[in-house]
Structure formats: structure tokens, C-alpha cells
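Visitor: Can you keep this structure in mind? I'll have questions shortly.
The values are calculated or read from the model by the stated rules, or taken from the named source; none is laboratory data. These numbers were taken from a predicted model, which means no experiment stands behind them. Reconstructed Cβ throughout: ideal geometry from the backbone, glycine too, with neighbour counts over all protein chains shown.
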Amino acid sequence: MSAPPDPAAPALPPGPAPRPLTVTGLLLLDPHGHDPTPVESITFDDGGIGVVRTRGQAPRVLSWESLVSHAVEPWAGGVIPEWWVAPETHGQVAEVSPDTDAVGAILADAHRTDRSLPHAEAGAMIGIQTRTGTYRFLKPGGDPGGLAPRIAAFTVRHQGAAGVSTVTTVAAARRGSRSGWARVRPWLVVLLLAVLAAAVTVILLQSAGVIHIPFLGGGATGSAGPVRSAVAAGP
């Protein structure tokens, strides 16, 4: 699938290219009002992002320069949201030019009908944003944690730091791990302040001679003096 190198393309970082990644058996959702469309595969390699609609067809390749951003995240399963299919057109079919969007071109001959959106099993969602909109590939049973770093390896290789996924399962896990600490932290601060206030109060009372706590020191010598004097002056 790899295209010949473009002399005008920016130089790639040194080192071997990551292994090409091909994901099969997906459901493609586009932002132009077409029906959700099964696709045979999507492949990530140095030549770009290649999408094959049916087995045996040549891939439609989206160049890395045409990629605006991407995201890899979990798909919990269920009925596909309507706004994923037509968030901007509100059900109106938008024309897609094969010359301007390689991914959208594979749907140019699809026809929107009054449809019930399908149910998709839980798995992974790969979001590809181009200048014409965001395309979502649902992979039932897919592992977002395994797909994210492999896709990111190509996007960062071709786009630098700007190619980092906008959403990953790693980021979601970190946010989840911090959420419990964020809930507990205010209570710990209040407890610490209360302990410090109590400690200061005890030290002041000890210094004033109101109370006597031996391990804090002070007051012990003064209190023992009168006892010794009484013993010395005995009968």
C-alpha cells in the first residue's frame, strides 16, 4: 500500500519505521449523513492511512499531511449516536468530492435512507479528523489500549508532537486514578489543619503552666523543687 516518497514531504526521523498496522472488520461513520458503512480494513503505515471498503479493492489512502488529528478511545457498545453520523448537517446529505477527501470518497456512492442506526458491540473507536470532518471507525472487540500506541507511533513520526492522540485510554485511566485522590484531598487538608491547631494550643498551655505533659518538657523541674524542699525540711 505504501506510496512512493514525496520529495516535498518533510524528512522522517531516523530509525526504522513502525510495523504497519491493519485493523479489519470495522464500521465507518462519516459526518456527511451517509449510512454507517462496513469496511474491510484500515491500514496505518508510512504511506498514509489506507481504507479498503470491500475485500479485493485498492485502498483509498489519506496522506499524513491531510490528517488534522486523531483519537483512540473505548467504545462501550450500544446504538450508534445520531450526531456521530450527521452532527453538522442535521440529516442533510453533503456532497463529498473524491478529489478532496480520500476517506469520504469510499462513501460517495452510498445513499442515506430513513434508517434505524445499528447497534455495535463494545470495543474501540478510532477517530480520524480531516479538513472535511471527523470519521469514526468502530472496531467491535478492539482493544483501544493496544491500538493507541501503534497508531500514535505513525502520527508522531509524520507530524511530530502535534500527532499525539487527542484521547487515549491511558489518559482516561490516569484521570480516573486522580479522581479518587481529588475527592479525598480536601478532607486531608482540613484534618492536617486541625492537628496543627491542636498541637499549637497544647504547646501554649504547657508554656503557661496550665497543663503538664512530660514528653513536651518544661515544668518538670519546677514542680519537683517544692517536693524536694519539703523532704529536706522534714520533722
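Visitor: How about the stretch 119-163: which of its residues are farther than 23 Å from R19 by Cα and outside any strand (DSSP E or B)? Break it down into steps so the answer makes sense when it comes.
Guide: Going residue by residue through the stretch 119-163, those that are farther than 23 Å from R19 by Cα are 119-122, 130-135.
Hits for the stretch 119-163 are E121, A122, R131, T132.
Visitor: Also, quick follow-up: Hey, does the stretch 64-73 have a residue that's crowded, with 18+ Cβ neighbours inside 10 Å, modelled with pLDDT under 70 and in a loop (DSSP other than H, G, I, E, B)?
Guide: Looking for residues that are crowded, with 18+ Cβ neighbours inside 10 Å, modelled with pLDDT under 70 and in a loop (DSSP other than H, G, I, E, B), one finds none in the stretch 64-73, hence no.
Visitor: Keeping to the stretch 33-70, report how many residues are among the hydrophobic types (A, V, I, L, M, F, W, C) and more than 22 Å from P118 (Cα to Cα).
Guide: Number of matching residues: 8.
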